[in-house]
1. If contacts are Cα pairs under 8 angstrom and at least 6 residues apart, what is the relative contact order of region 530-581 in percent?
2. For region 396-540, what is the accessible area per residue in Å² when the probe is 1.4 Å?
3. Counting other Cβ atoms within 10 Å, which trypsin sites (Lys or Arg not before Pro) in region 261-339 have at most 13 and lie in a DSSP loop?
4. Restricting to Cα pairs below 8 Å that are 6+ residues apart, what does the relative contact order work out to for the chain? Please round to a whole percent.
5. Count charges around Y448 for me, please; just the other residues with Cβ under 9 Å from its Cβ, Lys/Arg as +1, Asp/Glu as -1.
6. Of all the stretches in the chain, which is the longest one without any exposed loop site, taking GluC sites (Glu not before Pro) in a DSSP loop (any state but H, G, I, E, B) with at most 12 other Cβ atoms within 10 Å?
7. Rounded to the nearest 0.05, what FRET efficiency is calculated for N549 and N384 with R0 set to 25 Å and r the Cβ-Cβ distance?
8. In units of 2.2 N^0.38 Å, what is the alpha-carbon radius of gyration of region 255-358?
Amino acid sequence: MKNRNPKAQVSVLSLAVRSALAAMIAMPMMASAADTLEDEVATIRRPTNYVEGGVTGVSESSAKFGEYNGLNENAALIGNFSVRGGDAYLGDAGRSRWGVHGSDLGTTSRELGVTIENQGSWYLNFGYDQLRHNITDTYQTPQQGSMGGNTFTLPADFGVFNAAAAPSARTLNATQLGAFHTEEVSSTRKNSSLAAGVHLTPHLNLKFDFNNLVQDGAKLIGAGALGNITVPTTATTWRAEAVAILMNPTDYETNTFNLGLNWVGDKGHLSGSYHASIFKDSYDRLSYQNPMMSAAAAPPAGTYQTTTLSTAPDNQLHQLQLSGGYAFTPATKLTGGLSYGRTTQNDNFLTGMPEIGFSPASSLNGKVITKHADVKLVNQAARNLALSAALKYNERDNRTPSNIYSYLALNNATMDRAANAPYSNKKTELELAGDLRFGGGQSIKLAYDFEKTSRWCNNYALATDCVVATDNTENKLGLTYRTKLGEAMRMNVGYAFAKRTGDYDHNAITPLGGLDAGSLVAVNAQDYPGYYAVTYSERKRHLLKAGLNWQASERLDFGLDGRYADDEYDATLGVQNGQTASINLDATFSYSDDSSVSAYVNWHHAKKDMRIGAAGNQSLPAGVGTNTGTSYAALVAPSNVWTNELTEDGNAVGLATAHRLMGGKLELKGDLSYSLDKSTYSTKLLYPAAAACDAPGTLTCGDLPAIRTELVTLKLFGIYALDKSSKVSVGYLYQKLKSDDYFYNWYQYGYTGLRGMPTNQVAPTYEVHLVAA
């Protein structure tokens, strides 16, 4: 198998030469603290034009380290510049201004812009920015085809393999191992924009902007092949639900338009606008070849199963918006807004694939109407009392036709039927608040929130409800108290209580698995009686927050804040309860006018306890349960119940220092931080297990290996002013990431599931040095 080369050893001299001058990305020289107030005032009146240039480099290429910042290349030129002018800066009656700027040039996160304006009359802006998302550099595949393409094939001599054999017993031959190659998977967006505005009158202006977003590259996606289809010249079949991880192309283009008319008066303002977003995908499908069979056999060379996935469909959004506000008195103000949107999607369905049974329409003819309304009234009832009331309404009305479609499931056993569900929802929110200030720097705020969410489907083909949780209502009451404890200390304490209730239709037929050969057999979303999804379950929440700021002296101050939340769910099965807690402590000490040091500590903990039933229709010594039936009354709650606990812990510490020397000409900064995040998952069986759950490699119950992410970062840099027009920046960055995630075991050759094609991806880990100047 072709694996990545081991990390090369890099000498200090080689590293310095290759990495050279890099940290300008994080520390533009023009923002130096050495700039005086006089210089800043002069910059407002007459801007300072500047150019920065250098070289960036890193000791090793890492997709994770350079995930968004573009610093994953060994060496690259980099530059920043800003040039502005116009007679508006000359201090006379001129009103024209222009500017050209660029940042992070030479990297994959570059940006350029041009601005031209006549103050009070019109303006014109052009912009361009680019950002690459580096997804992975350890993905391996035997599929042939370039990243960003939509057709992948296997080498003619790759052959097939038995995907029913245990992973440890499955053997790929030398030819198959040699076909695996590493692909660096990424997706790049390129954004071009145009904005213009004109003042029609002193109170009326017109604005327009256009944005073109182009995305190319790929993102990883999992695909399952159709099984039980005979392999040519053999007595076996292609493996059902054979899983492959593929490079799904992101060849997208999105054009957005905004046109707005704005009026501003002495007491009020009003804005009306039109927004459009048009999305287009250059591909309508992704095709690849599957070599996985359900038994050992030898079909003719180059014989593979061709599998096709659909890609994202083209769609459009058109929206009208109206917003405004009016001040009845200096103490009473009203604001609000309305919007109406229409989203459509009507690409043709793919045809000619064996899993398609019967389609009553050639396309979805999708249409969704969105509506929004909000109004807020604020009143300064007295000097020390402020009152507010707000009402919001949001509706997503899905008017897509609902049809029943016939298809083969991936196991190719029987022809199934399902209906698309035009899912709709609406949410109404009411917010009331009062803020009272009284003696001694004290204040108290009382807030009440009401929220109701309803869900339904229009003209659902199955003539039943399409959702189980038809309505949820939540009431929340919060109280916050703030006070001064002397001249140097401020404290705040807050408590909130929320209660969510719900209405449920347990006889609802959801779109996934609602039909079996035409009969309604799966009510309640195929969930056991007593199970509620965590986002819809009835819940009580207690939330407590507190904070303290202490200015111990003119040079020393501390900050401390904490948060604790406790959730209790009213469900027999599903999430039972959850807790989250966090504490943050920070301190800053300025031991001279030009030097300071600061530190912080952060701790976070979260836990969820869950209670689940074993697989449907499974009979074990402890009991029987079923989750399929024509009515909720026919379902049987399981007694073969097991519990699990998910915990997440995070810790972070940091230390930073800053110094100004040589009369402010030299500025030095340093930053050291460490963080450790860990997730653990533990399971307990409450019934006699059919086999020992603690057997090595079984992981039926007990503790799974912890998922850990450990990050160390050190930054050192300095800025030296050669004169009033020239500065030099020198810096060093060290970052080390170590992550452990057992989920990646599945990707490794010899450890994938029975139906899996390995990719040999590993959890992101790197150690990077970056020298800059």
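The values are calculated or read from the model by the stated rules, or taken from the named source; none is laboratory data. Owing to the predicted nature of the structure, the values given are computational and were not obtained by experimental measurement. Don't worry about glycine lacking a Cβ; one is built from the backbone with ideal geometry, like all the others, and counts go over all protein chains shown. Surface accessibility is based on the protein's heavy atoms, side chains included, excluding ligands, DNA and RNA. Shrake-Rupley method; radii C 1.70, N 1.55, O 1.52, S 1.80 Å.
1. Working: 88 pairs, mean separation 21.2, N = 52.
It comes to 41 percent, rounded to a whole number.
2. Working: 7230 Å² over 145 residues.
Computed with neighbouring chains in place, this is 50 Å² per residue.
3. Details: sites: K267, K280, R285, K333; in loops: K267.
In loop regions of region 261-339 (DSSP not H, G, I, E or B), the sparsely surrounded trypsin sites (Lys or Arg not before Pro) are K267.
4. Values: 2148 pairs, mean separation 70.8, N = 773.
So the answer I get is 9 percent.
5. On the way: positive: K476; negative: E431, D449.
The answer is -1.
6. Details: sites that count: E487, E554.
Result for the longest clean stretch: 1-486.
7. Details: r = 22 Å, r/R0 = 0.88.
After rounding to 0.05, the efficiency reads 0.70.
8. Expressed relative to 2.2 N^0.38 Å, the Cα Rg reads 2.07.
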